[in-house]
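Have a look at the structure below before the remarks.
The values are calculated or read from the model by the stated rules, or taken from the named source; none is laboratory data. In this text, all values refer to a predicted model and were calculated from it rather than measured experimentally. So basically every Cβ, Gly included, is an ideal-geometry build from the backbone, and we count neighbours across all protein chains shown.
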Amino acid sequence: MSCDLSVEIAGLHFKNPILAASGTFGYGLEFAPWFDLGRLGGICTKGLSLEPLEGNPPPRIVETHGGMLNAIGLQNIGVRAFVTEKLPLLRQFQTHIIANVFGSCFEEYLDVIRILEDAEGIAAYELNVSCPNVKAGGMEFGNDPDEAARLTEACKRIARRPIIVKLSPNAGDIVRVARAVEKAGADALSAINTILGLSVDVYTRRPRLATGMGGLSGPAITPIALRMVYQIASAVRIPVVFRTPASEFRETLPGDAFTAFGRRGKFLLLSLASGRVLAVNPMLTGRFQYVDPAVKLPAKTCLVLDIDGGRSLRYADERLMGKLYLLPADGLEAIPGWAAGGPDLLDPALTEDVWLARI
Ligand SMILES: Cc1cc2nc3c(=O)[nH]c(=O)nc-3n(C[C@H](O)[C@H](O)[C@H](O)COP(=O)(O)O)c2cc1C
């Protein structure tokens, strides 16, 4: 018996929701001798920087109650070596490769992404914003909603692939950061990175890590992580509703025109002059409004299109279960389950004979 565990995140279709977290799974290849990496939904690579990094001196990992503290210091071989040595092997596996990216300033993040943009076999970028910004006095990008948003926006501008922002639990208000990067165009969020901690050797009275503090991970932080995921998911709309990156809606819909309206199964199909289709599965609570823009915006409004003539077409979804796709008219098979759907109930070709033959 098989069961469909697939999920959609940032417009990407994952065969299951199991993703190896960055830094806990090396470059992925280290685990290839032990099982088929293609069974994973995705692999977030070790953090990649512009130049190779040696990381911190040992001891840089210590065990704690229910978890571990690490201060690896983002050791990695650098983005160029990743592209030439690891990626060609990694992309042979039937799984999504998500490149985890970091830098010590905006330009470094952008340079890493530029190098990855020329490589094939990467599904998305995950921005590790839990890094000190050397140009802002060493404050972590992810601790400041404005800086995190500016970084997200800059990366979005140059990336052809979805941007996932990995939030830091060490931010004063993680929900504010989540909202800011959502507004800046993030296609999805991941949570959470490690929580800053300290472990002391009671005999030497010294920190057990060479660097003093480190990042706490493991079962010890799961309830905190779940609390944050819950708060973030209640506050943002991505990636729940937009099944094509939200930025594509924002950047490519202005100036387009609706040419026809249709329906197939549960999908409303709004054809566009550009040859694309806005396909909407409103699920339980998705609702459209075609109103004067002065009319109060309903709660959980996901999409507002200002139409020529002065009215707005809005899509609101109380339970955020609906799905919006923006696809070429001949590319609707990309919608999960579309190809497997039978003939439409109201299709005249669905005669009694066809019906009987199919059941
Ligand atoms: C040894 C180690 C290295 C890590 N390296 C990275 C990294 O390079 N980039 C990143 O975004 N997160 C990194 N992380 C954070 C993990 O991806 C994950 O967010 C964190 O461990 C919390 O999840 P967990 O408690 O399920 O392990 C690292 C974690 C560990 C334990």
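Cβ-Cβ below 6 Å, separation at least six or inter-chain, first residue in the range 16-28 and over 17 Å from LEU167 (Cβ atoms), second part of a loop (DSSP other than H, G, I, E, B) and away from the ligand (no atom under 11 Å from the Cβ): which pairs?
Matching pairs, first to second residue: ASN16/LEU5; ASN16/GLY41; PRO17/GLY41; ILE18/LEU40; ILE18/GLY41.
Which condition breaks for GLN75 when tested against (1) out of contact with any strand residue (DSSP E or B) (no Cβ under 6 Å at 6 or more places or on another chain); (2) under 30 Å from ARG208 (Cβ atoms); (3) free of Cβ contacts under 8 Å to residues at least 40 places away in the same chain?
Every listed condition holds for GLN75 apart from (1).
Give the residues of the range 52-76 that are in contact with a helix residue (DSSP H, G or I) (Cβ under 8 Å, 6 or more places away or on another chain), near the ligand (Cβ under 10 Å from one of its atoms) and of a type in the set (S, T, N, Q), sorted by residue number.
ASN76
Of the numbered conditions (1) modelled with pLDDT under 95; (2) surrounded by 19 or more Cβ atoms within 10 Å (Cβ to Cβ); (3) closer than 30 Å to PRO57 by Cα, ILE113 fails exactly one; give the number of that condition.
For ILE113, the exception is condition (1).
So which residues in the range 114-133 are among the β-branched types (Val, Ile, Thr) and away from the ligand (no atom under 15 Å from the Cβ), if there are any at all?
Initial filter on the range 114-133 (among the β-branched types (Val, Ile, Thr)): 115, 122, 129.
Once the filter is applied, which keeps residues that are among the β-branched types (Val, Ile, Thr) and away from the ligand (no atom under 15 Å from the Cβ), the range 114-133 yields ILE115, ILE122.
Output the residues belonging to the range 88-110 that are away from the ligand (no atom under 13 Å from the Cβ), aliphatic (A, V, I, L, M) and either in contact (Cβ under 8 Å) with a residue 60 or more places away in the chain or buried (at least 22 other Cβ atoms within 10 Å of the Cβ) (or both).
Applying the first criterion (away from the ligand (no atom under 13 Å from the Cβ)) to the range 88-110 yields 88-97, 104-108, 110.
Restricting the remaining residues to those that are aliphatic (A, V, I, L, M) gives 89-90, 97, 110.
Within the range 88-110, LEU89, LEU90, ILE97 qualify.
Could you list, in sequence order, the residues of the range 1-19 that are part of a loop (DSSP other than H, G, I, E, B) and in contact with a strand residue (DSSP E or B) (Cβ under 7 Å, 6 or more places away or on another chain)?
Going residue by residue through the range 1-19, those that are part of a loop (DSSP other than H, G, I, E, B) are 1-6, 10-11, 15-18.
SER6, ALA10, PRO17, listed by residue number.
Applying the selection to the range 1-30, what residues are within 13 Å of the ligand (Cβ to nearest atom), crowded, with 17+ Cβ neighbours inside 10 Å and farther than 23 Å from GLY103 by Cα?
Across the range 1-30, there are no qualifying residues.
Only residues that are without any contact (Cβ under 8 Å) to a residue 40 or more places away in the chain and either within 12 Å of the ligand (Cβ to nearest atom) or in a helix (DSSP H, G or I) (or both): list them for the range 204-231, please.
THR222, PRO223, LEU226, ARG227, VAL229, TYR230
If you go through the range 48-64 one residue at a time, do you hit one that is out of contact with any Cys (no Cβ under 7 Å at 6 or more places or on another chain) and surrounded by 22 or more Cβ atoms within 10 Å (Cβ to Cβ)? Walk me through how you get there before you give the answer.
Quick first cut of the range 48-64, residues out of contact with any Cys (no Cβ under 7 Å at 6 or more places or on another chain) only: 48-64.
Checking the rest, the ones that are also surrounded by 22 or more Cβ atoms within 10 Å (Cβ to Cβ) come to 48-49.
Among the residues of the range 48-64, at least one is out of contact with any Cys (no Cβ under 7 Å at 6 or more places or on another chain) and surrounded by 22 or more Cβ atoms within 10 Å (Cβ to Cβ), which makes the answer yes.
From the set of residues in the range 259-274 that are in contact with a strand residue (DSSP E or B) (Cβ under 6 Å, 6 or more places away or on another chain) and part of a loop (DSSP other than H, G, I, E, B), which is modelled with the highest pLDDT?
If we take residues in the range 259-274 being in contact with a strand residue (DSSP E or B) (Cβ under 6 Å, 6 or more places away or on another chain) and part of a loop (DSSP other than H, G, I, E, B), then ALA273 is modelled with the highest pLDDT.
In the range 149-176, how many are touching a residue at least 40 places away in the same chain (Cβ under 8 Å) and more than 15 Å from the chain's Cα centre (by Cα)?
8
For (1) at negative phi; (2) touching a His at 6+ places or on another chain (Cβ under 9 Å); (3) not in a loop (DSSP other than H, G, I, E, B), each residue gets a yes or a no:
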position: GLY309; (1), (2), (3): no, no, no
position: TYR315; (1), (2), (3): yes, no, yes
position: ARG319; (1), (2), (3): yes, no, no
position: LEU326; (1), (2), (3): yes, no, yes
position: GLY341; (1), (2), (3): yes, no, no
position: LEU345; (1), (2), (3): yes, no, no
position: LEU350; (1), (2), (3): yes, no, no
position: ALA357; (1), (2), (3): yes, no, yes
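Only one of ASP201, ASP146, ASP187 is assigned by TED's automatic domain parsing to the domain that holds GLY42, crowded, with 23+ Cβ neighbours inside 10 Å and away from the ligand (no atom under 14 Å from the Cβ). Can you tell me which? Explain how you work it out, then say what you get.
Numbers: ASP201 fails: crowded, with 23+ Cβ neighbours inside 10 Å; ASP146 fails: crowded, with 23+ Cβ neighbours inside 10 Å.
Among ASP201, ASP146, ASP187, only ASP187 is assigned by TED's automatic domain parsing to the domain that holds GLY42, crowded, with 23+ Cβ neighbours inside 10 Å and away from the ligand (no atom under 14 Å from the Cβ).
Could you list all residues from the range 31-51 that are out of contact with any helix residue (DSSP H, G or I) (no Cβ under 9 Å at 6 or more places or on another chain) and more than 16 Å from the ligand (Cβ to nearest atom)?
Of everything in the range 31-51, those that are out of contact with any helix residue (DSSP H, G or I) (no Cβ under 9 Å at 6 or more places or on another chain) and more than 16 Å from the ligand (Cβ to nearest atom) turn out to be PRO33, TRP34, PHE35, ASP36, GLY38, ARG39.
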